[in-house]
Amino acid sequence: MKLRDILAEIVEKKKDIVANAKREMPLDEVKRSLTCGTFAMTHRFRERDWNLIAECKLQSPAKGRLCRRYSVTELARIYEDNGASMLSVHTDPHFLGCNEDFRKVRAEVSLPLLRKDFIIDAYQIYEARMLGADAVLLIARILTPETLKRFLYTAWSLGMDALIEVHDRRDMEAALATPAEFIGINNRNLVSFTTSIEQTMELLPYADKSRTLISESGVFTGEDAKRLRAAGCDGILVGEGLVRADDVAAQTRLMANAGEEEKGDMA
Ligand SMILES: O=P(O)(O)OC[C@@H](O)[C@@H](O)c1c[nH]c2ccccc12
């Protein structure tokens, strides 16, 4: 299969997954089970001026299995113990994610959790809250501008934050047309699946600096993290760069503290 078909295939399969989920547990039932969130992501980002969102990612569609050493809950524990601000947990099967793992991570750590999935239906936002998510990812590329805004309000109505993911200027304009607080610049081209942090550098001038800006994907070294921080990002979302490190704990500390020494020296 061509890489460029992966995104289309994932979204296609997602429609079936959502239809099944609705059959198993209709939306009204999901709604009745919910408690409201507390905007934990917003609170966390107010406490710190640099934030690592560490991703529990076992597999990627482009590269296959990334991590055999740890389970998602083991990764979550290492991330929490080593300074991550919050966690991103995949629930899509292409990344070996599932709802059950999300619940397990929820039970394991007290950090805010982002549900990482391809959200195409409001049902998935309610479901995210039912699983204990504090935030959802909304990918601008797969939603119309109107739907993007509507889903953002749905997340907010449940006390959850939303990270709006953009990859190019058109996506950025759609994100900026909403009142979203969190905008994530995905360095991964979702069609070719290649990554370059230059994507963040190129798009940052078009972003609104009063929003919280996060660089996502393809961050591998402490130097990458420092560069992104110096360029004006408020945080990074890292999966592969953590799970494939020889020492995941040390790599988490490095990314979570990127550039701290320099700041200390200047003071
Ligand atoms: O493993 P990486 O390159 O550090 O990337 C993490 C995260 O950004 C990536 O998993 C991601 C970002 N947005 C997505 C949308 C769908 C699937 C995956 C993603």
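The values are calculated or read from the model by the stated rules, or taken from the named source; none is laboratory data. Everything quoted here is computed from the prediction, not taken from an experiment. Neighbour counts are summed over all protein chains in view; Cβ atoms, including those assigned to glycine, are modelled from backbone coordinates with ideal geometry. Remember, those area values only see protein heavy atoms, side chains included, never the ligands or the DNA or RNA. Shrake-Rupley method; radii C 1.70, N 1.55, O 1.52, S 1.80 Å.
A single member of Cys36, Cys67 is surrounded by 14 or more Cβ atoms within 10 Å (Cβ to Cβ) and in a loop (DSSP other than H, G, I, E, B), and it is Cys67. Could you please let me know if Val219 is β-branched (Val, Ile, Thr) and surrounded by fewer than 24 Cβ atoms within 10 Å (Cβ to Cβ)? So Val219 fails the test.
When the residues of region 176-191 are filtered to those that are of a type in the set (A, V, I, L, M), under 24 Å from Ala8 (Cβ atoms) and open to solvent by 10 Å² or more (accessible area, probe 1.4 Å), the one that is nearest to the ligand (Cβ to nearest atom) is Leu190.
For region 160-175, taking the residues that are in contact with a Lys or Arg (Cβ under 8 Å, 6 or more places away or on another chain) and in a loop (DSSP other than H, G, I, E, B), the one that is most open to solvent (accessible area, probe 1.4 Å) is identified as His167.
Here Leu58 does not fit the description of being within 25 Å of Leu34 (Cα to Cα) and in contact with a Phe, Trp or Tyr (Cβ under 9 Å, 6 or more places away or on another chain). Of all residues in region 39-61, those being out of contact with any strand residue (DSSP E or B) (no Cβ under 9 Å at 6 or more places or on another chain) and assigned to a helix (DSSP H, G or I) number 3.
Of all residues in region 45-64, those satisfying the criterion of being surrounded by 14 or more Cβ atoms within 10 Å (Cβ to Cβ), more than 16 Å from Thr252 (Cβ to Cβ) and not aromatic (Phe, Trp, Tyr) are Leu58, Gln59, Ser60, Pro61.
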